[in-house]
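Student: Structure incoming, see below.
The values are calculated or read from the model by the stated rules, or taken from the named source; none is laboratory data. Here the structure is a predicted model, which is why all the values come from computation and not from measurement. In this analysis, Cβ positions are derived from the backbone assuming ideal geometry, glycine residues included, and neighbour counts consider all displayed protein chains.
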Amino acid sequence: MMKNMAIRVEGLRKVYADVVAVDGATFEVHRGEVFGLLGPNGAGKTTILECLEGLRQPDDGHLDVMGVDPSRNGRKLRNVIGVQLQTSGLPATMRVDEAMAFFCAYHGVAARYDLLDRLGLSEKRSSQFALLSVGQQRRLALALAIAHRPPVLFLDEPTAGLDVASRSELHLLIDELRVAGTTVVLATHDMAEAEKIAARVAILLGGRIVATGTPRELTATGEGYTKVSVRTEQSLLCRDGAHFPAVYRRNVLDDYTVYFSHDPAATVSAILHYLDEREDQLVDLRVERPSLEERFLEITST
């Protein structure tokens with residue numbers, strides 16, 4: 001394995017009965033990189049993670065995690081990875097501080113109670129797992145996953161059930177881990193989250209990887225349009241359906257009229273001239289590249 005590669009997946013295939021969950025997935029993850037596995041439910045994201053974590057045996061292909069074959073050397077693998085699963089298998093009566101002590105003892109490190117404080121669980125140390133909210137359970141799962149400072153961290157829908165403040169804190173923590181050299185693989189269907197924190201992403205559809213690259217690379221490809229969003233005092237554009245140069249699609253969203261243009265300069269110039277002639281004052285004008293979510297919808301709808 002190359003020194004700068006933390007993970008390599010070549011031709012991964014996993015079949016359940018007559019369902020092909022993953023069909024020939026191939027990708028690499030650099031050390032110290034946040035890599036996103038994106039796709040709708042059932043696309044194969046969790047199956048890929050479970051194979052990399054040694055929880056499932058692949059039917060075909062080759063996997064390498066920090067020089068370890070997950071299907072052959074589970075004992076060595078457990079010390080180089082941290083895992084936050086979608087659901088936790090902790091006993092309902094286990095207390096938060098007991099869980100931290102147990103997991104750290106398993107990995108032979110001192111208990112990381114500081115992580116409980118960092119993730120807003122300091123007041124829940126003596127609480128039983130079953131009495132925690134869904135968000136608190138997921139924050140505890142993350143604390144346990146990183147307590148032994150693993151070089152590779154797997155996160156499966158990490159912000160599901162978290163409030164806005166907890167999501168923001170998690171993103172900051174992921175960035176700190178990245179800066180410290182941790183490789184993070186994130187499986188999610190939250191495109192905005194992936195666009196914000198992932199350096200590169202792979203989009204899965206029906207068990208196949210259909211696109212790989214940085215969020216900027218992916219949003220720069222495809223139909224090649226630019227979004228021009230306009231809001232005016234009289235909402236004239238929302239009502240009259242006027243046509244402008246280089247526009248091939250128009251949507252109305254709340255008080256905004258959104259144009260998808262192949263030549264935003266020509267479109268904006270014509271819109272401003274149109275509004276000036278009709279004395280409708282501009283309130284807001286935004287010119288943006290499409291989001292990763294919009295690009296994802298374009299890819300998955302073809």
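Student: Could you say which residue among T159, T183 is under 25 Å from A105 (Cα atoms) and among the hydroxyl-bearing types (S, T, Y)?
Tutor: T183
Student: How do the helices (runs of 4 or more DSSP H) wholly within region 221-302 filter down when requiring 1 or more residues that are of a type in the set (S, T, N, Q): which remain? Steps first, please.
Tutor: Working: elements: 236-240, 264-278, 292-300.
Hits in region 221-302: 264-278, 292-300.
Student: What tally of residues in region 175-195 results from selecting those that are closer than 17 Å to L115 by Cα and buried (at least 21 other Cβ atoms within 10 Å of the Cβ)?
Tutor: Residues of region 175-195 closer than 17 Å to L115 by Cα: 175-178, 180, 182.
With the extra rule that they be buried (at least 21 other Cβ atoms within 10 Å of the Cβ), the set shrinks to 182.
Going through region 175-195 one residue at a time, the tally reaches 1.
Student: Counting only residues that are modelled with pLDDT under 90 and over 17 Å from P150 (Cβ atoms), how many does region 102-120 have? Spell out how you get there, then give the answer.
Tutor: Kept after step one, since they are modelled with pLDDT under 90, are these residues of region 102-120: 118-120.
Subset that is over 17 Å from P150 (Cβ atoms): 120.
The qualifying residues number 1.
Student: Where the second residue is surrounded by 19 or more Cβ atoms within 10 Å (Cβ to Cβ) and the first is over 27 Å from R31 (Cα atoms) and lies in region 152-164, which pairs have Cβ atoms under 6 Å and are six or more apart or on separate chains?
Tutor: G161/R138
Student: Considering (1) among the aliphatic types (A, V, I, L, M); (2) assigned by TED's automatic domain parsing to the domain that holds V34; (3) surrounded by 18 or more Cβ atoms within 10 Å (Cβ to Cβ), say which one V230 fails and leave the rest.
Tutor: Going through (1) among the aliphatic types (A, V, I, L, M); (2) assigned by TED's automatic domain parsing to the domain that holds V34; (3) surrounded by 18 or more Cβ atoms within 10 Å (Cβ to Cβ) one by one, V230 breaks only (2).
Student: Out of all the residues in region 184-199, which are touching a residue at least 60 places away in the same chain (Cβ under 8 Å) and not in a loop (DSSP other than H, G, I, E, B)? Walk me through it before giving the result.
Tutor: Let us first name the residues in region 184-199 that are touching a residue at least 60 places away in the same chain (Cβ under 8 Å), namely 184-189, 191-192, 194-195, 197-199.
Selection gives V184, V185, L186, A187, T188, M191, A192, A194, E195, I197.
Student: On to the next question. Filter region 79-94 for residues that are under 16 Å from V185 (Cβ atoms) and assigned to a loop (DSSP other than H, G, I, E, B); which is modelled with the lowest pLDDT? Walk me through how you get there before you give the answer.
Tutor: The first filter runs over region 79-94 and keeps only residues under 16 Å from V185 (Cβ atoms), leaving 80-86.
With the extra rule that they be assigned to a loop (DSSP other than H, G, I, E, B), the set shrinks to 80, 85-86.
Values: V80: 94, L85: 76, Q86: 71.
So the residue we want is Q86.
Student: Out of T226, T219, which single residue is within 28 Å of N41 (Cα to Cα) and under 28 Å from the mean Cα position of the chain (by Cα)? Show your work before the answer.
Tutor: Details: T226 fails: within 28 Å of N41 (Cα to Cα).
The conditions single out T219.
Student: Could you check how many residues of region 4-44 are in contact with a helix residue (DSSP H, G or I) (Cβ under 8 Å, 6 or more places away or on another chain) and assigned to a loop (DSSP other than H, G, I, E, B)?
Tutor: Kept after step one, since they are in contact with a helix residue (DSSP H, G or I) (Cβ under 8 Å, 6 or more places away or on another chain), are these residues of region 4-44: 7, 9, 12, 14, 21-22, 25, 32-34, 36-40.
From what is left, the residues that are assigned to a loop (DSSP other than H, G, I, E, B) are 32-33, 39-40.
Looking only at that region, the number is 4.
Student: Let me ask something else. Any idea which of (1) within 24 Å of G54 (Cα to Cα); (2) in contact with a helix residue (DSSP H, G or I) (Cβ under 8 Å, 6 or more places away or on another chain) is the one R149 doesn't satisfy?
Tutor: Of everything listed in (1) within 24 Å of G54 (Cα to Cα); (2) in contact with a helix residue (DSSP H, G or I) (Cβ under 8 Å, 6 or more places away or on another chain), R149 misses just condition (2).
Student: Right, next: Considering S122, S133, which residue is of a type in the set (S, T, N, Q), within 30 Å of A43 (Cα to Cα) and out of contact with any Phe, Trp or Tyr (no Cβ under 8 Å at 6 or more places or on another chain)?
Tutor: Working: S122 fails: within 30 Å of A43 (Cα to Cα).
Just one listed residue meets the conditions, S133.
Student: A further question follows. Kindly provide the set of residues from region 243-273 that are modelled with pLDDT under 90 and aliphatic (A, V, I, L, M), ordered by number.
Tutor: Across region 243-273, the qualifying residue is only L253.
Student: Somewhere in region 158-173, is a residue modelled with pLDDT of 90 or more and not charged (D, E, K, R)? Walk me through it before giving the result.
Tutor: Of the residues in region 158-173, the ones modelled with pLDDT of 90 or more are none.
Among the residues of region 158-173, not one is modelled with pLDDT of 90 or more and not charged (D, E, K, R), which makes the answer no.
Student: Could you pull out every one of the helices (runs of 4 or more DSSP H) wholly within region 95-183 that has 3 or more residues that are more than 24 Å from D69 (Cα to Cα) and under 19 Å from the mean Cα position of the chain (by Cα)? Spell out how you get there, then give the answer.
Tutor: Working: elements: 96-107, 113-118, 134-146, 164-179.
Filter on region 95-183 gives 134-146, 164-179.
Student: Filter region 45-78 down to the residues that are surrounded by 18 or more Cβ atoms within 10 Å (Cβ to Cβ) and in a helix (DSSP H, G or I) and list them by number.
Tutor: Passing the criteria: K45, T46, T47, I48, L49, E50, C51, L52, L77.
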